[in-house]
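Enquirer: Here's a structure for you.
The values are calculated or read from the model by the stated rules, or taken from the named source; none is laboratory data. What you are looking at is a predicted structure, and each value in this text was computed from that prediction instead of being measured. As a convention, Cβ positions derive from the backbone with ideal geometry for all residues, glycine included, and neighbour counts pool all protein chains shown. Surface areas here come from the heavy atoms of the whole protein model, side chains and all, with no ligands, DNA or RNA. Shrake-Rupley method; radii C 1.70, N 1.55, O 1.52, S 1.80 Å.
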Amino acid sequence: PLARQGEPMTEPRILFIVGPTASGKTEAVIALSQLTPIEVISADSRQVYRGMSIGTAKPNAHDQALVHHHIVDIVDPDESFNLAEFLRIARATIESITARGQTPVVVGGTGQYVWGLWEGWRVPPVPPDHRLRSELENLAITNGSGALVEKLRSVDAEALDGIDPRNIRRIIRAIEVSVLSGLPFSARRSKVTPAFRPVALGILPGRDSLYRSIDNRIDTMIKAGWIQEVRLLLKNGYGPELPSFAASGYREIAAYTEGQLSLEEAVARTKSSTHRLARSQGTWFKPSDPRIGWHDSVESLVPAALATLRS
């Protein structure tokens, strides 16, 4: 990009590494950190929760010792965390990292977080209303997700243009903001030019390869103690009704620990739901998106990322 006429180009370049779950983003950023000093800003809506590490594929202690990860382990599983909070923390963290002369790299697969930061979204800090959310969830259970879509259409039809109709949580949040604030969700979101120049690289393996990676990772998570992790969460009073348990697999594993599913059923459902998550992430990170330089492997992406940071 060109500087404004008569002005130097002073905005820092921020690298985003994106892609579906299990595509190798963490592996890539760890490899990159061994070649150039960076700090990671996690754009993952599940890795914010303390005590939910194995099932969210959170970077382990060794990886976090190699490179500093921000916006990880910052709220308890029964606390709310939303896009507005992420944007506030991420922007402040970018300022802090660059002020220290370090290089921030945004890494994650939560599309809202990535593009909200990239495009400079300003999101209303409307706190959650759990009673309203419960009513809307019951509406979806009773009448299907289409009833939620029609509810949002009645309060803010314009908001539907930017929301996947299958994303029930997003639809509920849009209704919640519109109802509680008295203003349409779409009208309350505005954009400002970010104080950095973003560039994105993505990892996108073939679908069969990605699904194998997902399935292998879930098998590894089970062996690594995911069941024990869920049992500890339940013992500490964190239940499947919490939004944090919407992370793929947690409700399925909880159902197994409570005798409602066999382990084979829980694992099979977890793999299936994670495949769906990967497909839904494709609506945020499209192969045709000209903003993203796509690679099919970690080995291909890392040298491209290094060249981008050094250019």
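Enquirer: Mind ranking 271-279, 110-118 by how tightly packed they are, going by the mean number of other C-beta atoms within 10 angstrom, highest first?
Expert: Packing proxy ranking, top to bottom: 110-118, 271-279.
Enquirer: Say the cut-off is 25 Å between C-alpha atoms; which of Lys223/Lys286; Lys25/Lys191; Lys151/Lys286; Lys58/Lys271; Lys25/Lys151; Lys58/Lys235 go over it?
Expert: Exceeds cut-off: Lys223/Lys286; Lys25/Lys191; Lys151/Lys286; Lys25/Lys151.
Enquirer: Just to be sure I understand the curve: with the Debye formula and one point per C-alpha of the chain, what is log10 I(q)/I(0) at q = 0.07 Å⁻¹?
Expert: -0.29
Enquirer: Select from Ser244, Gly120, Ile141 the residue farthest towards the positive end of the dipole of the chain; place +1 on Cβ of Lys and Arg, -1 on Cβ of Asp and Glu, and compute about the Cα centre.
Expert: Checking the options against the dipole of the chain, the answer is Gly120.
Enquirer: Check Trp294: other-chain or 5+ apart residues with amide H under 5 Å from its amide H, H built from backbone geometry?
Expert: Gly202
Enquirer: Would you check the accessible area of Ile168, probe 1.4 Å, heavy atoms only, in square angstrom rounded to 10?
Expert: Per-residue accessible area (Ile168): approximately 60 Å².
Enquirer: Sticking with this structure for a sec: What shape does segment 179-269 take by its C-alpha gyration tensor, where a ≥ b ≥ c are the square roots of the eigenvalues and a/c under 1.5 counts as rounded, a/b above b/c as prolate, and the rest as oblate?
Expert: Cα axes put segment 179-269 in the oblate bin.
Enquirer: Nearest 20 debye, what's the magnitude of the dipole of the chain about its Cα centre given +1 on Lys and Arg Cβ and -1 on Asp and Glu Cβ? Present the calculation step by step, with values, prior to reporting the outcome.
Expert: Details: 36 positive and 34 negative charges, 96 e Å.
Computed about the Cα centre, the dipole is about 460 debye.
Enquirer: FRET efficiency for Glu135 and Leu306, Cβ-Cβ distance as r, R0 = 41 Å, nearest 0.05? List each step's numbers first, then the result.
Expert: On the way: r = 50 Å, r/R0 = 1.23.
The value I calculate is 0.25.
Enquirer: Tell me whether segment 155-311 comes out rounded, prolate or oblate; compute the Cα gyration tensor, take square roots of the eigenvalues as a ≥ b ≥ c, and use a/c under 1.5 as the rounded threshold.
Expert: oblate
Enquirer: Report, in debye and to the nearest 20, how large the dipole of segment 176-311 comes out about its Cα centre when Lys and Arg carry +1 and Asp and Glu carry -1 on their Cβ.
Expert: The dipole magnitude comes to about 600 debye.
Enquirer: What is the gain in length, in nm to one decimal, between Thr193 and Asp63 on full extension, counting 0.36 nm per residue of separation less the C-alpha to C-alpha distance?
Expert: Stretched fully, the Thr193-Asp63 segment lengthens by 43.5 nm.
Enquirer: Once Lys and Arg get +1 and Asp and Glu get -1 on their Cβ, which of Pro198, Leu87, Leu277 lies farthest toward the positive end of the dipole of the chain?
Expert: Towards the positive end, the residue furthest out is Pro198.
Enquirer: Ok, one more. Taking the full set of protein chains and a 1.4 angstrom probe, give the accessible area of His69 in square angstrom, rounded to the nearest 10.
Expert: 20
Enquirer: Hey, how many Å between the Cα centroid of segment 44-120 and the Cα centroid of segment 252-311?
Expert: If you average the Cα positions of each part, the centres end up 17 Å apart.
Enquirer: Name the residue farthest towards the positive end of the dipole of segment 5-85 from the options Pro37, Ala65, Ser23, assuming +1 on Cβ of Lys and Arg, -1 on Cβ of Asp and Glu, about the Cα centre.
Expert: Ser23
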